[in-house]
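Data block below; observations after.
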Amino acid sequence: MPAVELRRKDWQKIEADAVVYFVTQEQLPGKLQELAEIIPSLRAALDAGDITGKEKTSTLLYTAQAIRAPRILIVGLGSENTLTLETIRRAAAAAAKRAASLRLRHLAFPIPPAPVGSITPEDFVLSVLEGGVLSQYRFAKYITREQDNGLVERFTICASTPTEQRRFHPVVEYARIVCEGVFLTRDLANAPPNEIYPEALADRARQIGTQAGFSVRVLNKAQIERLGMGGLLGVNRGSARPPVFLIMEYWGTRRTIPPIVLVGKGITFDTGGISLKPAANMSEMKADMHGAASVIGTLSVVARLKLPVNVVGLAPATDNMPSGSAMVPGDILRFLNGKTAEIENTDAEGRLILADALAYAERYQPQAVIDLATLTGACVVALGHVTTGLFGNHRELLKRIKQAGERTYERVWELPLYEEYGELIKSDVADIKNSGGRPAGAITAALFLKHFVGNYPWAHLDIAGTAIAPKETDYMPKGGTGVGVRLLTEVLRTWEPLSPEAEEK
Ligand code: BES
Ligand code: MN
Ligand code: ZN
């Protein structure tokens with residue numbers, strides 16, 4: 001990840017490849033007049049009418065020693081009336097990409113002296129760093145040919161006074177740590193399945209836990225058997241590699257305060273099993289452990305920020321392989337909570353491993369459980385790659401996740417869990433079956449999970465569309481997006497006890 005720093009240095013005096021200077025339409029031309037006095041090329045650009053402040057515009061100018069940096073990139077934000085955190089992220093991403101294509105390595109940013117539109121200087125700086133840094137991601141570690149990957153290497157926020165430095169220190173730290181968590185999650189999701197198999201994922205989690213400050217316990221196959229996690233074992237039956245069940249704990253406040261439990265789907269590769277997937281795009285299923293990666297990334301952020309909450313991460317992990325020993329349609333599995341399910345389709349495997357994890361979560365008597373899973377193609381059909389599917393049993397918890405989604409722009413949309421949909425997953429031979437076919441596929445998957453939810457507030461995030469991007473956009477790369485890390489960090493950063501609520505049916 002690029003370096004992210006705050007320096008006590010006037011932006012006009014900082015040594016950098018370029019200063020990035022944001023302007024709104026309303027700020028023009030006034031805000032640039034003073035600067036135009038000292039930078040002749042800016043005067044000329046203004047006079048030519050080339051600087052409009054419109055969204056998605058930028059002007060690169062040479063400063064001819066008027067300020068220390070040799071270049072200034074003037075970036076438009078559009079109108080203050082419509083300015084949002086996301087506009088700023090995207091403008092910063094565009095600026096960073098333009099700088100990167102010019103092979104500029106070090107960018108410096110002034111701090112706005114006052115709110116811009118309705119955005120506080122703190123939120124402004126945070127959004128600039130998020131958009132800028134997150135746009136500079138590449139999964140390149142397996143490319144051996146010489147490459148100038150043309151990425152910005154340093155983002156410097158310039159504080160002009162000690163007071164400003166003190167004020168923005170936590171903001172820059174927060175941005176750095178959150179972006180690190182997103183990069184880490186993207187790296188895990190994008191890593192090939194021959195690198196990240198269940199035990200390798202456990203090793204990575206252990207490493208990350210040691211560095212960030214959370215504990216990692218890894219249940220092995222024998223322990224998983226002893227517990228009776230029939231879902232995880234069923235999915236693993238076709239595999240040459242053993243499953244693992246990761247238990248990650250971060251205690252940020254008194255141990256007597258129950259934790260929030262995060263559960264992540266950790267399918268390290270999903271072939272579909274005996275209900276084999278078609279060959280086209282199957283390689284995308286290396287990211288079927290993105291939920292687990294998001295949980296690991298979030299824990300790393302929460303621990304590094306030392307948030308005053310207790311958070312537990314659970315990640316059942318296995319691949320889903322066809323073989324002579326694989327589970328087959330018609331099999332009946334028995335889960336940790338004693339319930340049974342008939343296997344209708346071995347490709348509906350995520351819900352089987354999550355079932356055991358959701359039942360296991362009950363041990364913590366948690367304040368809330370939030371699971372993340374690349375669970376259904378049906379969710380991609382419903383919401384595309386733009387929006388995460390949201391389900392759950394507790395209004396206030398869902399509302400908080402929606403709000404965090406708006407702020408972080410990791411947006412979610414709720415789908416119903418009406419009991420009528422339950423018809424679709426009734427079984428003649430077991431408590432339920434694991435597939436309800438094509439209708440309402442994201443909902444029947446969530447309803448399946450609901451059978452394993454204990455007596456706690458629960459939210460389920462179907463990230464099948466948002467975790468795996470078919471193409472690059474603004475500050476999101478193609479492939480693993482890191483979705484969930486900023487969303488959950490926001491939920492946990494502002495955590496307060498939930499009020500008791502009659503459980504919904
Ligand atoms: N991992 C897939 C879902 C998925 C699909 C994630 C596309 C990301 C992109 C999941 O295990 C799966 O195969 N679900 C099946 C369920 C069906 C058999 C009921 C699906 O969605 O087709
Ligand atoms: Mn599957
Ligand atoms: Zn899957």
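The values are calculated or read from the model by the stated rules, or taken from the named source; none is laboratory data. Note that the structure is predicted; figures quoted are calculated from it, not measured. Please note: Cβ atoms are built from the backbone with ideal geometry, for glycine as well, and neighbour counts cover all protein chains shown.
Condition check ((1) within 16 Å of ligand 1 (Cβ to nearest atom); (2) more than 21 Å from the chain's Cα centre (by Cα); (3) farther than 25 Å from Gly313 by Cβ) across all residues:
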{"residue": "Gly392", "(1), (2), (3)": "no, no, no"}
{"residue": "Leu397", "(1), (2), (3)": "no, no, no"}
{"residue": "Gln403", "(1), (2), (3)": "no, no, no"}
{"residue": "Glu406", "(1), (2), (3)": "no, no, no"}
{"residue": "Tyr409", "(1), (2), (3)": "no, no, no"}
{"residue": "Val429", "(1), (2), (3)": "no, yes, yes"}
{"residue": "Lys433", "(1), (2), (3)": "yes, yes, yes"}
{"residue": "Gly436", "(1), (2), (3)": "yes, yes, yes"}
{"residue": "Ala446", "(1), (2), (3)": "yes, no, no"}
Could you give me the residue pairs with C-beta distances under 6 Å whose first residue belongs to region 411-431 and is over 22 Å from Gly384 (Cα atoms), whose second residue is among the basic types (Lys, Arg) and assigned to a loop (DSSP other than H, G, I, E, B) wherever it lies, and which are 6+ apart or on separate chains?
Asp431/Lys339
All but one of (1) under 29 Å from Arg254 (Cα atoms); (2) within 11 Å of ligand 1 (Cβ to nearest atom) hold for Gly313; state the number of the condition that does not hold.
(2)
Which of the following residues is in contact with a helix residue (DSSP H, G or I) (Cβ under 7 Å, 6 or more places away or on another chain), assigned to a loop (DSSP other than H, G, I, E, B) and either within 13 Å of ligand 2 (Cβ to nearest atom) or assigned by TED's automatic domain parsing to the domain that holds Val235 (or both): Leu372, Leu336, Leu354?
Leu336
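Do we have Thr268 as hydroxyl-bearing (Ser, Thr, Tyr) and more than 16 Å from ligand 2 (Cβ to nearest atom) here?
So Thr268 does not fit the description; no.
Yes/no per residue for (1) without any contact (Cβ under 8 Å) to a residue 40 or more places away in the chain; (2) surrounded by fewer than 19 Cβ atoms within 10 Å (Cβ to Cβ); (3) more than 16 Å from ligand 1 (Cβ to nearest atom):
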{"site": "Ala222", "(1), (2), (3)": "yes, yes, yes"}
{"site": "Gly231", "(1), (2), (3)": "no, no, no"}
{"site": "Arg241", "(1), (2), (3)": "no, yes, yes"}
{"site": "Thr268", "(1), (2), (3)": "no, no, no"}
{"site": "Thr271", "(1), (2), (3)": "no, no, no"}
{"site": "Ala280", "(1), (2), (3)": "yes, yes, no"}
{"site": "Met289", "(1), (2), (3)": "no, no, no"}
{"site": "Ala292", "(1), (2), (3)": "no, no, no"}
Check whether at least one residue in region 31-40 is under 28 Å from the mean Cα position of the chain (by Cα) and charged (D, E, K, R), and report yes or no.
no
Starting from residues that are within 13 Å of ligand 2 (Cβ to nearest atom) and of a type in the set (A, V, I, L, M), keep the ones in region 280-297 and report whichever is farthest from Ile267 (Cα to Cα).
Met282
